[in-house]
1. Set the Förster radius R0 to 25 Å, insert the Cβ-Cβ distance between ASN185 and THR221 as r into 1/(1 + (r/R0)^6), and round the FRET efficiency to 0.05.
2. Any number yet on Rg/Rh for the range 124-166, C-alpha, Kirkwood?
3. Compute the Rg to Rh ratio over the chain from the alpha carbon atoms, using the Kirkwood formula for Rh, and round to two decimal places.
4. What is the ratio of the Cα radius of gyration of the range 114-210 to 2.2 N^0.38 Å, with N the residue count, to two decimals?
5. What are the semi-axes of the equivalent ellipsoid for the range 9-57, taken as the square roots of 5 times the Cα gyration tensor eigenvalues, largest first, in whole Å?
6. Can you give the Kirkwood hydrodynamic radius of the range 152-265 from its Cα pairs, in Å with one decimal?
7. Would you please give the residues with an amide H less than 5 Å from that of ARG134, counting only those at least 5 places away or on a separate chain, with H modeled from the backbone geometry?
8. Starting from the 7 Å offset along Cα-to-Cβ, what nm value, one decimal, do you get for the label separation of SER32 and LEU144?
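Read the figures in this text as sums done on the coordinates, not as results from a lab. None of these values were measured; they are calculated from a predicted model. Using ideal geometry, Cβ is built from the backbone for each residue, glycine included, and neighbour counts are taken over all protein chains shown.
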Amino acid sequence: MRTDFQHLLIHQDGGVLTITMNRPEVLNAFNSALIDELGEAVEAAAQDEAVRCVVLTGAGRAFGSGQDLRSLVEGRSSGAISTVSEHVQKYHRVVLAIRNMPKPVIAAVRGVAAGISCNIALACDMRIAADDARFIEAFARIGLVPDGGGGYFLPRLVGVGKAMEMAMLADEVSGPEAERIGLVNKCVPVEEFEEATRAFAQRLANGPTRAYGLIKKLIYTSAESDLQTSLRLEGELQDIAFETEDHQNAVVAFLQKRPPKYKGR
Ligand code: T3D
């Protein structure tokens, strides 16, 4: 995949691809170029077999401060943004690319994750936060509703009552509180954040990638379906997993009393 983006840093270490949103002077707020580049990079990562886990993070002291409000105002007055629902579709491309990618995507959040940046973190499969993280559903502060899938992800992660509170009051949720309410998978001291993220991502990148893709499909589809449908799907997906090299080798490894080594196929 290409690496010469204007507002993204791309780094590959083994099977881990780290995508860093890089506009630190505005806490990685999204202008149109950043949204488009992120959509392109996530889609390319999905196609790249050398990538077995994606980490999405922000440069500097923040994950992201949401939509760049200066460019929103400019886009509105120049006519570049005609309807906001049309503009929001650019974010939908990113959200759908993350969810449809057949491998794990982790958001690594230090500092603030506000507005659409918060919701893009929620679209990821898992989240690791530093203890200086600040999650803010900032939309209501400027009289908007959560977009980028916030109305979908929030109640599923933290329950309806907490989702209402976060969306309406738009108060900050700290990293430790985010872990307590299930908004993030784990929160670590800021000085351990980089190493903890690296270890978490490396572990996933060394796992059975095909099975992980099938697990994503099973869990996300099951959240929307009845038990009968989910049981049927798990059978179909298990047929696929059963034929993978990783499954067959892992069973042999177990019987030979040695740890498995997954190749992602
Ligand atoms: O277009 C559409 O499709 C509509 C969809 C909208 C989706 C959304 O994301 S709505 C929510 C938009 N975001 C916000 O409302 C958050 C605005 N920012 C803040 O409230 C605060 O900056 C933070 C709470 C995020 C962080 O506060 P703090 O004190 O840590 O930092 P700061 O000093 O406020 O910000 C540092 C700089 O970043 C500052 O610039 P300066 O003064 O150093 O030149 C600030 O203006 C800039 N900045 C921060 N957020 C944004 C921003 N510039 C443009 N847009 C931002 N969103």
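1. Details: r = 21 Å, r/R0 = 0.83.
Efficiency for this residue pair is about 0.75.
2. Details: Rg = 11.1 Å, Rh = 11.5 Å.
On the Cα set of the range 124-166, Rg over Rh gives 0.97.
3. Values: Rg = 19.0 Å, Rh = 19.3 Å.
Radius of gyration over Kirkwood radius for the chain works out to 0.99.
4. Values: Rg = 14.0 Å, N = 97, 2.2 N^0.38 = 12.5 Å.
Cα-based Rg divided by the globular estimate yields 1.12.
5. Numbers: eigenvalues 90, 30, 7 Å².
Over the Cα atoms of the range 9-57, the semi-axes work out to 21, 12, 6 Å.
6. Numbers: mean 1/r = 0.0581 Å⁻¹.
17.2 Å is the Kirkwood radius here.
7. Under 5 Å from the amide H of ARG134 lie the amide H atoms of GLY111, VAL112, ALA113, each far enough along the sequence or on another chain.
8. Placing both labels 7 Å along Cα→Cβ, they lie 1.5 nm apart.
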